[in-house]
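The next block holds one structure in the form of structure tokens; read it before the comments.
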Amino acid sequence: MGTGAGDEDGEGEDELLPAMADDDYSAQLSWQSESKDNLKLLMDNFSPAQYDRFEAYRRHALPKQAVRRVIQQTTGQQVSQPVAQIVAGFGKVFVGEIVEKARAVQARRSETGPLSPDHLREAYRLYQAETGRVGSARAGRGRKLFVR
């Protein structure tokens, strides 16, 4: 591919890609293959409810423009789209952790149904106790999280 003299489709593509040694490329392919195998093994062992939650997690993302706007309002500086995308990724992980803890709170209380703001507040409190304060969401700032 791309090495023959008569290959017109891929002509010039190699120049656009960063140089990667063959052993680095092989290691990358091996790692990607292993990651896919591990994900497949994990998904094969999901319960139907876990699988549904995982698929919902995979399908959804925080809107990058909204994240970018929040960052700009918070810092007072312009941010690039890649930075907003990275922050959105971290935000998605944070939301996932809070929801996971909220589900544990709900189960510990032997409650069923959708998560309530109380479950989310308790999950956030537990998260803070485990990891320390998060951003500007500190007590005493006049704004409660997870309340409309």
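Since every read-out is calculated from the coordinates, none of them should be taken as a lab result. It should be emphasised that the depicted structure is a prediction, and the values quoted were computed from it without experimental measurement. Quick reminder, even Gly has a Cβ in these numbers, built from the backbone with ideal geometry, and neighbours come from all protein chains shown.
Using DSSP to call loops (not H, G, I, E or B), can you name the GluC sites (Glu not before Pro) in the stretch 37-138 whose Cβ has at most 13 other Cβ atoms within 10 angstrom?
Numbers: sites: 55, 97, 100, 111, 122, 130; in loops: 111.
Of the GluC sites (Glu not before Pro), the ones in loops of the stretch 37-138 whose Cβ has at most 13 other Cβ atoms within 10 Å are 111.
Relative contact order for the stretch 66-133: what is it in percent, counting Cα pairs under 8 Å that are at least 6 residues apart?
Contact order relative to length: 25 percent.
Using θ = phi - 60° and the Karplus form 6.51 cos²θ - 1.76 cosθ + 1.60, what ³J(HN,Hα) does each residue of the stretch 113-130 get, whole Hz, x for Gly and Pro?
Values per residue, Gly and Pro as x: x, x, 5, 9, x, 5, 4, 5, 4, 5, 4, 5, 4, 5, 4, 5, 5, 7 Hz.
Along each principal axis of its Cα atoms, how long is the stretch 26-98 end to end? Whole angstroms, biggest number first, please.
Cα spread of the stretch 26-98 along its principal axes, largest to smallest: 45, 37, 16 Å.
State to the nearest 20 debye the size of the charge dipole of the stretch 66-133 about its Cα centre, where the only charges are +1 on K and R beta carbons and -1 on D and E beta carbons. Please report the intermediate quantities before stating the final value.
Details: 10 positive and 6 negative charges, 26 e Å.
Dipole of the stretch 66-133, to the nearest 20 debye: 120 debye.
Compute the distance in nm between two label points, each set 7 Å from the Cα along the Cα-to-Cβ direction, one at residue 81 and one at residue 35.
A separation of 2.2 nm, rounded to one decimal place.
Can you work out ³J(HN,Hα) from phi for every residue in the stretch 107-112, in order, using Karplus 6.51 cos²θ - 1.76 cosθ + 1.60 and θ = phi - 60°, giving whole Hz and x for Gly and Pro?
Each residue's phi maps through the Karplus curve to give 5, 4, 8, 6, 9, 10 Hz.
Could you give the length gained by full extension between residue 53 and residue 133, i.e. 0.36 nm per residue of separation minus their alpha carbon distance, to one decimal place? Could you put the intermediate results ahead of the total?
Values: separation 80, 0.36 × 80 = 28.80 nm, distance 2.75 nm.
Extra length available between residue 53 and residue 133 comes to 26.1 nm.
Using the Karplus equation 6.51 cos²θ - 1.76 cosθ + 1.60 (θ = phi - 60°), what ³J(HN,Hα) coupling, rounded to whole Hz, does each residue of the stretch 58-66 give in order, writing x for Gly and Pro?
Those phi angles translate into 5, 6, 9, 8, 6, x, 4, 5, 5 Hz.
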